[in-house]
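Asks: The structure under discussion is supplied below as structure tokens; questions concerning it will follow.
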Amino acid sequence: MKKNIAIAFICFLPFQLFSQESWNLKACIEYGLKNNRNSVVYENEKRAADAQAREALADYLPKVTVSGSLDNNLKVQESVIPGGVFGPDPIRVAFSQKYNSNATAQLDQTIYDQSLLTGLKASKYNKQQAEVNIRKSEETIIYNIGNAYYQIYVYREQLRLLKENMGTYREQVNISKLQVEKGVTLRKDLDKVTVDYNNALSQIRIAESNLTLSQNQLKYEMGYPINSDLPVDSVSQQDVLARITESADAAPLVVTNRVDYQLSQINASLLTIDEKRIRAGAMPKLTAYARYGAVGFGNTLGPAFNELSPFSAVGIKLSIPLFDFYRRNAQYKQARYKSLNAAENLKLDEGKYELEYQNAKTKLTKAQSNLESDTRNIELAESVFKTTDLQYRKGVTDLTEWLTAQNSIKESQNNYLNSLFSFYQAKLDLQKASGSLKTFYTSL
């Protein structure tokens, strides 16, 4: 006996473990944040921003250039020494030979370039922009996964209600068949119930298809293999009703918490830096250099490489732009107006985000009220149907009243399902509008 119990326990254990491997919303989001392909894209953009910062810094680091050349003077150029210098007649002389080689190495170091120094400040904001884009991607993943997850629950609720309705119709079809066989009722009454039964069956097939589509959408948003099973956690109706009664308030709006606003701030800072960089282009630039090389001449290749004469030099170079004022001034004005527009857009964004937040709060409050009302309406419709069903069985009322009462249940159920999805949608929209999607995820 004990042996049989042990075998039964071992056989049952895997099924029990499998049934516990269900994915709740937090687990789905956690998986999606690690496996959604958009995360890889924005991580690569962050690495690109780091490389861009190093590129900007490289313009202020020493640069070494090595160059070499070999000339074959097919016709050697000659110069003329005027008469009276080495004799009464002009003398034609060549200061080069057929082959001329040259090798040079030069080190350049920028000592002062205000436009480069200003441009270096943009590197910090480029990195911040990449980091904020990562957070924006994470919020998008959280929102999309939450939306797909709630769709699955709504379709499951729809299936549950449709199957309950189909059971009621099936029972009535069986009763009507017996009544037709006994001649108590007409065939048309059986046909009426059968039509509603077939409609319920068709709606179940559609709901099952929609459920499969929403499950695939959730897998896609998570970066989960489409062809693999994803046992999503089934939330009981009691849990849903309990969550509805929870406070609908999200975190208060802090505009600076919105990633969209942060990106606009960074863009405004970059435009301001670009404006200053163009203006700094009018300032002098000071560069130091050191050069070392060697030259060789010969009527054949050998002496041009073997008999080299070295040379070297060090110095500084001052560059002052004088006659590019009009082009630079036009560039500066363009950057200036872009910067001013960015500052104005920030003020517009503050008002826009405040409007989104207040609208989202209003929609959630309304959705919550509608959901509570539609939930109570289902209970009322079911109560009316029970009374009508009892009257119909006793012959007090006819089938038309029975079908009307059942259709009232279906209508109230449809309103409930629409309100349920609207409630979850509004809840996510409010979290998004307040910039608290990450907080919503961590609090699950």
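The values are calculated or read from the model by the stated rules, or taken from the named source; none is laboratory data. Just so it is clear, the model here is predicted, and its values are computed rather than measured. Neighbour counts run over all protein chains shown; Cβ positions are idealised from the backbone, glycine included.
Asks: Could you grab me the full set of residues in region 95-111 that are of a type outside the set (S, T, Y) and surrounded by 10 or more Cβ atoms within 10 Å (Cβ to Cβ)?
Replies: Going through region 95-111, the residues of a type outside the set (S, T, Y) turn out to be 95, 97-98, 100, 102-103, 105-109, 111.
Q97, K98, N100, N102, A103, A105, Q106, L107, D108, Q109, I111, listed by residue number.
Asks: Could you list, in sequence order, all residues of region 301-318 that are surrounded by 10 or more Cβ atoms within 10 Å (Cβ to Cβ) and assigned to a strand (DSSP E or B)?
Replies: L308, F311, S312, A313, V314, I316, K317, L318
Asks: I'd like to check something: does region 370-384 contain any residue that is free of Cβ contacts under 8 Å to residues at least 40 places away in the same chain, under 26 Å from T185 (Cα atoms), touching a helix residue (DSSP H, G or I) at 6+ places or on another chain (Cβ under 8 Å) and not in a helix (DSSP H, G or I)?
Replies: Scanning region 370-384 turns up no residue that is free of Cβ contacts under 8 Å to residues at least 40 places away in the same chain, under 26 Å from T185 (Cα atoms), touching a helix residue (DSSP H, G or I) at 6+ places or on another chain (Cβ under 8 Å) and not in a helix (DSSP H, G or I).
Asks: With the structure loaded, tell me whether G395 is small (G, A, S), within 30 Å of E139 (Cβ to Cβ), modelled with pLDDT under 90 and not in a helix (DSSP H, G or I) or whether it fails that test.
Replies: Here the answer is no, as G395 does not meet what is asked.
Asks: Pull up region 263-295, narrow it to residues that are of a type in the set (V, I, T) and assigned to a helix (DSSP H, G or I), then point me to the one that is nearest to D324 (Cα to Cα).
Replies: At the first step, the residues of region 263-295 found to be of a type in the set (V, I, T) are 266, 272-273, 278, 287, 295.
Going one step further and asking which of them are assigned to a helix (DSSP H, G or I), we end up with 266, 272-273, 278.
Working: I266: 30, T272: 21, I273: 20, I278: 12 Å.
Looking at residues that are of a type in the set (V, I, T) and assigned to a helix (DSSP H, G or I), I get I278.
Asks: Here are the criteria: (1) β-branched (V, I, T); (2) at pLDDT below 85; (3) outside the structural domain of S436 (by TED's automatic domain parsing). Tell me which single one T118 does not satisfy.
Replies: (3)
Asks: For region 252-277, which residues satisfy the criterion of being modelled with pLDDT under 85 and touching a helix residue (DSSP H, G or I) at 6+ places or on another chain (Cβ under 6 Å)?
Replies: Within region 252-277, just L253 meets the criteria.
Asks: Here's another thing I want to ask about it. Name the pairs whose Cβ atoms lie under 8 Å apart, with the first residue in region 189-209 and in contact (Cβ under 8 Å) with a residue 60 or more places away in the chain, the second of a type in the set (G, A, S), and 6 or more positions between them or separate chains?
Replies: Qualifying pairs under 8 Å: D189/S176; V193/S176.
Asks: Conditions first: (1) within 31 Å of the chain's Cα centre (by Cα); (2) under 30 Å from I175 (Cβ atoms); (3) not small (G, A, S). E382 passes all but one, so which condition is the exception?
Replies: Failed condition: (1).
Asks: So, of the residues in region 407-433 that are touching a helix residue (DSSP H, G or I) at 6+ places or on another chain (Cβ under 6 Å) and polar (S, T, N, Q), which turns out to be nearest to Q158 (Cα to Cα)?
Replies: Among residues in region 407-433 that are touching a helix residue (DSSP H, G or I) at 6+ places or on another chain (Cβ under 6 Å) and polar (S, T, N, Q), the one nearest to Q158 (Cα to Cα) is Q413.
Asks: Same structure, new question: Would you mention how many residues in region 365-388 are small (G, A, S) and within 17 Å of E157 (Cβ to Cβ)?
Replies: Going residue by residue through region 365-388, those that are small (G, A, S) are 367, 369, 373, 381, 383.
Cutting the leftovers down to within 17 Å of E157 (Cβ to Cβ) gives us 367, 373, 381.
Going through region 365-388 one residue at a time, the tally reaches 3.
Asks: How many residues does region 119-148 contain that are of a type in the set (S, T, Y) and within 23 Å of L25 (Cα to Cα)?
Replies: 3
Asks: Could you say which residue among V76, V93 is free of Cβ contacts under 8 Å to residues at least 24 places away in the same chain and part of a loop (DSSP other than H, G, I, E, B)?
Replies: Going through V76, V93 in turn, the sole match is V76.
Asks: Restricting to region 278-301, and then to whatever is closer than 30 Å to V66 by Cβ and of a type in the set (D, E, K, R), can you tell me which residue is modelled with the lowest pLDDT?
Replies: For region 278-301, the residue satisfying everything is K285.
Asks: Count, please, the residues in region 51-81 that happen to be touching a Lys or Arg at 6+ places or on another chain (Cβ under 8 Å), at pLDDT 80 or above and surrounded by 11 or more Cβ atoms within 10 Å (Cβ to Cβ).
Replies: The qualifying residues number 1.
Asks: I've got another one for you. Cβ-Cβ distance below 8 Å, separation of 6 or more or different chains: which pairs start in region 395-409 with a residue that is in the same structural domain as S383 (by TED's automatic domain parsing) and farther than 18 Å from K188 by Cβ and end on one that is at pLDDT below 90 and acidic (D, E)?
Replies: From residues that are in the same structural domain as S383 (by TED's automatic domain parsing) and farther than 18 Å from K188 by Cβ, the pairs are A405/D389.
Asks: Checking G298 against (1) out of contact with any Asp or Glu (no Cβ under 8 Å at 6 or more places or on another chain); (2) surrounded by fewer than 18 Cβ atoms within 10 Å (Cβ to Cβ); (3) not assigned by TED's automatic domain parsing to the domain that holds E350, which test does it fail?
Replies: (1)
Asks: R92 fails exactly one of the following numbered conditions: (1) of a type outside the set (V, I, T); (2) surrounded by fewer than 17 Cβ atoms within 10 Å (Cβ to Cβ); (3) out of contact with any helix residue (DSSP H, G or I) (no Cβ under 9 Å at 6 or more places or on another chain); (4) modelled with pLDDT of 90 or more. What is the number of that condition?
Replies: (4)
Asks: Exactly one of (1) farther than 30 Å from A280 by Cβ; (2) of a type in the set (S, T, Y); (3) touching a Lys or Arg at 6+ places or on another chain (Cβ under 8 Å) is unmet by T365. Its number?
Replies: (3)
Asks: Given the criterion buried (at least 18 other Cβ atoms within 10 Å of the Cβ) and either within 28 Å of the chain's Cα centre (by Cα) or in a helix (DSSP H, G or I) (or both), identify the matching residue among L390, L428, L348. Quick ask: steps written out before the conclusion?
Replies: Values: L390 fails: buried (at least 18 other Cβ atoms within 10 Å of the Cβ); L348 fails: buried (at least 18 other Cβ atoms within 10 Å of the Cβ).
Testing whether each residue is buried (at least 18 other Cβ atoms within 10 Å of the Cβ) and either within 28 Å of the chain's Cα centre (by Cα) or in a helix (DSSP H, G or I) (or both) leaves just L428.
Asks: Here is a further query. Only one residue in A313, A280, A304, A294 is under 25 Å from L120 (Cβ atoms) and not acidic (D, E). Which one?
Replies: Of the residues listed, the single one that is under 25 Å from L120 (Cβ atoms) and not acidic (D, E) is A280.
Asks: If you scan region 216-251, which residues turn out to be in a helix (DSSP H, G or I) and either modelled with pLDDT under 85 or not assigned by TED's automatic domain parsing to the domain that holds I29 (or both)?
Replies: Selection gives Q237, Q238, D239, V240, L241, A242, R243, I244.
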